[in-house]
Structure formats: structure tokens, C-alpha cells
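J.: This structure is in C-alpha cells; I'll ask about it shortly.
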Amino acid sequence: MLARSGADGPAGVSVDLARALAQRLGVPVAFVTFPGAGAVSGSAGSGTWDICFLAIDPKRAEGIAFTAPYVLIAGSYLVPADAPIRSLPDVDRDGIRISVGHGSAYDLFLTRTLRHATLVRAPTSAEAVTAFARDGLDVAAGVHQPLAAYAAAHPEVRLLPGHFMEIPQAMGLPVGRDAGAAYLADFLAQAKADGMIARSLAAGGQDPGLAAP
């Protein structure tokens, strides 16, 4: 999360952290990209990756040892502009269909917390917004920033006020690597303490206030 495509490959705060960790260890870094967060967590322990960047979730923590969060991201709802849904509580009603990216942090969270609305899962978070628009779904759930950008470009939709969850983004590695987990926690603590997270966010045109305390 909070990575983007650049002329020289992926970029963003997660990539900056990966490069800084590799430099500290004195090893090369190789980036393995996935279409969605669910594919990352589902491959924990497969040897496909050593370090991941994901939102902390109890289900994921069964296979991934997470650090403390390095950024805190808001989860928001997108609805049609003329929808009768006006507030967060209006979303969890019978008959409401919510588009989500399969295995995303908000999919896992809403699966645990919703009592009446129905989740409609798309393969990725980006495809969830496409499905919301294409299939006439009632709500799209996702990370606030991309949903806000979509709403700004599409006057037929709007964001609901407020956030339904706070998404704590962290570094992680497969469970069972206790020494590695301790090292990673120390590395991230130092990166946060010296302001690296906020500087990286600002350099990428993102709000440095997203940095976790």
C-alpha cells in the first residue's frame, strides 16, 4: 500500500522502506508485485517474498508477524450521488450491496462487522470500483485517497462523510522468524523516529500526516 508505479518501477513509502532495509542489511532488493492484498497474505510462507507491506488484520496475523504500523489510512464509502444513503450507519441495511476488493483489509473488517448488508467481492480493490459503477451496486468500500480521487473525476458519485475504519499499514514477515521480527520492529521504529516515513510521504505528494505516531 502507498506504492505507485514510477518510470523506474514501483515507488512510494513502502518501496523507500524496502530499499532502506536492504541497504541496512547490505543485500540487494527485489520487488514482487501482486494484484491485491489477499494474494500477498495468501502466499505467506511460500518463499515468494521475505518482507511484505500490508494492513494489519487478525486473520492475516495467523500467518504474518507484523510490525507496528508506519501509516494510518482511512477506509471510506463511495455511493451514487443520488443515493438515499447519507451516513455510515445507513450502509449496514438489508438489501445494500457493497463492492470490495477480495481479501483487502476492509473486506476482512466488514466481513466481521456487518450484520445486514451484503459484500460483493471483486478480484482487486481497483476492480471493486469498476464493478460498483458497472453493476449498479449501492456502495464501494476502499482506501479513502483513491476513492476521493475517483469521486472528484465522476460527479455521479460522492463520498460518505466520515470513515468506517482506520487501516494500520505495517511491515511483516512470515510467522516463526522471531529474530527477524525483532530486527524488523527495531528497523521500523528507527525509521519512524528519524522522520523517514513523513519525508517519504511528502516526497511522493501524499499527506505526511498519514505517518503513524
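J.: Provide the per-residue ³J(HN,Hα) series for segment 197-203, in order, calculated from phi with Karplus coefficients 6.51, -1.76, 1.60 and θ = phi - 60°, each as a whole number of Hz, with x at glycine and proline positions.
T.: 4, 4, 5, 5, 4, 4, 5
J.: Let me know the charge dipole size of segment 86-213 about its Cα centre in debye, to the nearest 20, where only the beta-carbon of Lys, Arg (+1) and Asp, Glu (-1) is charged.
T.: 80
J.: Going by average Cβ neighbours within 10 Å, how do the peptides 200-206, 37-43 rank, with the highest at the top?
T.: The packing order, highest mean first, is 37-43, 200-206.
J.: Further question: Just the number, please: percent antiparallel of the DSSP beta bridges in segment 1-154, rounded to the nearest 5.
T.: If I count the DSSP bridges inside segment 1-154, around 55 percent turn out antiparallel.
J.: Expressed as an acute angle from 0 to 90° and rounded to the nearest 10, what is the orientation of the C-alpha long axis of helix 13-25 relative to the principal long axis of the chain?
T.: That works out to roughly 10 degrees.
J.: Return the Cα extents of segment 70-134 along principal axes one, two and three, sorted largest first, each rounded to a whole Å.
T.: Principal axes ranked by extent give 35, 25, 19 Å for the Cα atoms.
J.: Can you give me the C-alpha center-to-center distance between segment 16-86 and segment 110-161, rounded to a whole angstrom?
T.: 19
J.: Can you work out the Karplus-derived ³J(HN,Hα) for every residue in segment 144-153? Use 6.51 cos²θ - 1.76 cosθ + 1.60 with θ = phi - 60°, whole Hz, and x for glycine or proline.
T.: Per-residue couplings from phi come out as 4, 4, x, 5, 5, 5, 5, 4, 5, 9 Hz.
J.: Return a whole-number percent for the relative contact order of the chain, with Cα pairs under 8 Å and 6 or more residues apart as the contact set.
T.: 30
J.: Just add up the charged neighbours of Ala39: K/R +1, D/E -1, any other residue whose Cβ is under 14 Å from the Cβ of Ala39.
T.: After counting each charged neighbour, the total is 0.
J.: Where nothing but the Cβ of Lys and Arg (+1) and of Asp and Glu (-1) is charged, how large is the charge dipole of segment 1-92 around its Cα centre, in debye to the nearest 20?
T.: Magnitude of the dipole: close to 260 debye.
J.: In nm², what is the average projected area of the convex hull enclosing the Cα atoms of the chain?
T.: That works out to 12.1 nm².
J.: How high is the relative contact order of segment 76-158, in percent, with contacts defined as C-alpha pairs under 8 Å that are six or more residues apart?
T.: Relative contact order here is 43 percent.
J.: Ok, one more. Roughly speaking, to the nearest percent, how much of the chain's 1.4 Å accessible area is carbon and sulfur?
T.: Ligands and nucleic acids excluded, carbon and sulfur give 57 percent.
The values are calculated or read from the model by the stated rules, or taken from the named source; none is laboratory data. Worth saying up front: this structure is predicted, and the values here are computed from it rather than measured. Positions of Cβ are backbone-derived with ideal geometry, glycine not excepted, and every protein chain shown enters the neighbour counts. Note: accessible area is taken over every heavy atom of the protein model, side chains too, but ligands, DNA and RNA are not part of it. Shrake-Rupley method; radii C 1.70, N 1.55, O 1.52, S 1.80 Å.
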